[in-house]
Protein chains: 2
Amino acid sequence: ADASALAAAAQRNGQLTKPPGALGRLEEVGIWIGGWQGRAQPQIDHPQVVIFAGNHGVTAQGVSAFPSEVTVQMVANFRHGGAAINQLARLHGAEVEVVALELDRPTADFTQGPAMTEAETVAALQAGWNAVSPKADILVVGEMGIGNTTVAAALAAKLFGGTGMDWVGRGTGVDDAGLTRKAKAVDAGLARHADVTGPLQVLAALGGREVAAMAGAMARARVERVPVVLDGFIACAAAAVLHCATPGALDHAVAGHLSAEGAHARLLEKLGKQPLLSLGLRLGEGSGAAVALGVIRAAVVCQSGMATFAEAGVSGG
Amino acid sequence: ADASALAAAAQRNGQLTKPPGALGRLEEVGIWIGGWQGRAQPQIDHPQVVIFAGNHGVTAQGVSAFPSEVTVQMVANFRHGGAAINQLARLHGAEVEVVALELDRPTADFTQGPAMTEAETVAALQAGWNAVSPKADILVVGEMGIGNTTVAAALAAKLFGGTGMDWVGRGTGVDDAGLTRKAKAVDAGLARHADVTGPLQVLAALGGREVAAMAGAMARARVERVPVVLDGFIACAAAAVLHCATPGALDHAVAGHLSAEGAHARLLEKLGKQPLLSLGLRLGEGSGAAVALGVIRAAVVCQSGMATFAEAGVSGG
């Protein structure tokens, strides 16, 4: 972030017509956005929502309550404007871009071998990198991919330690047997790729195209100084790859919400992020981040639009 | 709420393109709004924000970090659009109405006698009742009144039991000595009005004009079936008067947020309400409720705008 813009934003905040700190976390968020946007009075005029979709070979292990065809069906739903994320994006004046990543060519089953080749991983990272609009003043990165909570659990377990059962959750709604299959698949992946080291190598071995693309988009946003709102478990697994690769890689990101998906709280703790919302969402698509965008916009309009004590002729405390 | 609209809203929710329950608390809120608005696809087209302002004799006990003149100064700030609530209301397309209640005639100091006469109490309740637009499809009721966290603490203590120290908080930012003065003032009020019974009598003895007006507005909204978003400690003290007077009086109200003000969590528990947000706000003005309005609008656009599985051609789970 821009240190002088951060200082100017904090100074402005201290002069606004409210007792110091009375807007709680909104004040911190407003100042932080000011720092990343490089102005004491930040604006959100061009919010961008990008959704990446991918399919996963690990669905062969019976890890999802829905069949893989749902990925392409939901991509069509996003394009026709019928999904939750479409409604939420419209509420905030954001367009939804959908990037479908070779849905007819799922990744390999990571219990049998690497999910992606190096070339496939790089192509997915680049697709994410290229999807970010440099005009965006805030970015929500979402995903769709039947099977990808298992992929995210495998990445988290490999990056931070622990077993499959420590990191899997119910996803779209698997029963106890499905949960056990998810944990077994993750454990099999960890065993198969025990010798893999390095965050990007882990991403190739256990990740997926949409997860890599999310990481690519978040990295591009960091370079462009575009603040990012993190969504749920899968988005945070993508973020974790960057976090483990480069200290400070997520300084431009705020945790939008605490998902109801299994180990999201533990993953946020590993990333050092406090969620803005905790409403029990577990949908993906960027939906939790898009709801949090409402809180961030609230922070921004207060930071930028409120009168100072001097302007309003109000006596200070 | 309208039972058949509630059922229709719940049925629609079950057909939307998401796993069951995946939108968490948004689903409950969307269905609930549908029930109160009497339609399976609720809308928020006319959100109303009303702020009531009053002054308080109990400020003579040194209970606030700010002087009483700030009430009228902040009313001017509301009218000029410079306060936090103005920015938040504009974000949601809501007009802010400000009702200043005899600011040059503060209530009596409740440590010495009743804060208001019966006639003054009724006039304030009526001012609140009359301020609600029957066209409103959701209502935020806010307040401004130097000294009113002490008033709210006194009301809560009288209605639910406990001492001053159990219910007071730092308000606009008093120090330890100020906090002790607030607790002493509440205890003195409780002693002075020990023989008062009945929620409306308690409101007259220990309340204030803006608190009575908030209660009047919430009661009117109940009759008009307009859903209400509760703000912080003072709004909830006003709501508590209705809650203690009539079972179900707050069925049309959702708790917008958990305030950082002292005993708000305990007060919400007494009202049986779970807050949507917990962001450390403690400003009043309806600001926390207005931030929560963003979450409620998110719930409504999902409930009303999402495609069903059948419409989108997506395979069910």
Original post:
Got a number for carbon plus sulfur as a percent of the protein assembly as shown's accessible area, 1.4 Å probe?
Top reply: 51
Subject >> Solvent-accessible surface (1.4 angstrom probe) belonging to A:LYS135, in square angstrom, nearest 10 >> reply: 140
Original post:
Any idea of A:ARG90's accessible area? Nearest 10 Å², probe 1.4 Å.
Top reply: 150
Original post:
Tell me, what is the 1.4 Å probe accessible area of B:THR117, in Å² to the nearest 10?
Top reply: 70
Original post:
In Å², nearest 100, what accessible area do chains B and A bury in total when the solvent probe is 1.4 Å?
Top reply: 3900
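With each run of n ≥ 4 DSSP H residues scored as -39500 (n - 2.57), what mean residue ellipticity at 222 nm is computed for the protein assembly as shown after dividing by its residue count and rounding to the nearest 500 deg cm²/dmol? Before the final figure, lay out the partial values.
On the way: 28 runs with 324 residues, N = 634.
The helix-only estimate for the protein assembly as shown comes to -15500 deg cm²/dmol at 222 nm.
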**OP:** List, in order, the whole-Hz ³J(HN,Hα) value for each residue of segment A:44-61 obtained from phi through the Karplus relation with A = 6.51, B = -1.76, C = 1.60 and θ = phi - 60°; use x for Gly and Pro.
**Re:** 10, 10, 10, x, 10, 10, 10, 10, 9, 10, x, 10, 10, x, 5, 4, 4, 8
Original post:
Relative to the Cα centre, what is the charge dipole magnitude of chain B, using +1 at the beta carbon of each Lys and Arg, -1 at the beta carbon of each Asp and Glu, and rounding to the nearest 20 debye?
Top reply: 420
Original post:
Where only protein heavy atoms count, and the probe is 1.4 Å, what is the accessible area per residue for segment B:137-207 in Å²?
Top reply: 34
Original post:
Setting aside same-chain residues fewer than 8 positions from B:LYS158, which aspartates and glutamates have a Cα under 13 Å from its Cα?
Top reply: B:ASP166, B:ASP187, B:ASP195
Subject >> Long pairs among A:LYS270/B:LYS270; A:LYS18/B:LYS18; A:LYS182/B:LYS270; A:LYS18/A:LYS270; B:LYS182/B:LYS270; A:LYS182/A:LYS273, criterion Cα-Cα beyond 32 Å >> reply: A:LYS270/B:LYS270; A:LYS18/B:LYS18; A:LYS182/B:LYS270; A:LYS18/A:LYS270
**OP:** On a C-alpha basis, how far is the centre of segment B:187-216 from the centre of segment B:33-57 in Å? Whole number, if you could?
**Re:** 25
Subject >> Closest-to-axis residue of chain A (Cβ criterion, axis taking A to B), whole Å >> reply: A:GLY294, 1
Original post:
When all C-alpha to C-alpha distances in segment B:212-292 are sorted into bins of 10 Å, what percent of pairs does each bin hold, rounded to whole numbers?
Top reply: 21, 58, 20, 0
Original post:
What FRET efficiency, computed as 1/(1 + (r/R0)^6) with R0 = 45 Å and r the Cβ-Cβ distance, is obtained for A:ALA119 and A:ARG39, rounded to the nearest 0.05?
Top reply: 0.65
Original post:
Which residue, B:LEU267, B:LEU190, B:LEU279, tops the fluctuation ranking in a GNM of chain B built on C-alpha contacts under 10 Å?
Top reply: B:LEU279
**OP:** Give the calculated FRET efficiency between B:ALA194 and A:GLU269 to the nearest 0.05, with a Förster radius of 51 Å applied to their Cβ-Cβ distance.
**Re:** 0.55
**OP:** Hey, could you get me the Stokes-Einstein D for chain A, Kirkwood radius over alpha-carbon pairs, 25 °C and 0.890 mPa s, rounded to whole µm² s⁻¹?
**Re:** 124
Original post:
With each pseudo-label sitting 7 Å past Cα toward Cβ, what's the B:ASP175-A:GLN201 distance in nm, one decimal?
Top reply: 6.0
Subject >> Residues A:GLN126 and A:THR308, FRET efficiency given R0 of 60 Å [Cβ-Cβ distance, rounded to 0.05] >> reply: 0.85
**OP:** Along Cα-to-Cβ, 7 Å out, sits the label point; list in nm, shortest first, how far the one on B:GLY173 is from those in the other copies.
**Re:** 4.9
Original post:
What percent do you get for the relative contact order of chain B when only Cα pairs under 8 Å and 6+ apart count?
Top reply: 25
Subject >> For segment A:275-283, Karplus couplings with θ = phi - 60° (6.51, -1.76, 1.60), whole Hz, Gly/Pro x >> reply: x, 6, 10, 9, 10, x, 6, 7, 9
Original post:
Among B:THR180, B:THR121, B:THR149, which one moves the most in a GNM of chain B with springs linking Cα atoms closer than 10 Å?
Top reply: B:THR180
Original post:
To the nearest 10 degrees, how steep is helix A:3-15 against the longest Cα principal axis of chain A, on a 0 to 90 scale?
Top reply: 50
Subject >> For chain A, built as a Gaussian network whose Cα springs stay under 10 Å, the top-fluctuating residue of A:ALA183, A:ALA154, A:ALA290 >> reply: A:ALA183
Subject >> Other-copy label distances relative to B:PRO20, 7 angstrom Cα-Cβ extension, nm >> reply: 5.3
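The values are calculated or read from the model by the stated rules, or taken from the named source; none is laboratory data. These numbers were taken from a predicted model, which means no experiment stands behind them. Cβ atoms come from the backbone with ideal geometry, glycine included; neighbour counts cover every protein chain shown. All accessible areas refer to the heavy atoms of the entire protein, side chains included, with ligands and DNA or RNA removed. Shrake-Rupley method; radii C 1.70, N 1.55, O 1.52, S 1.80 Å.
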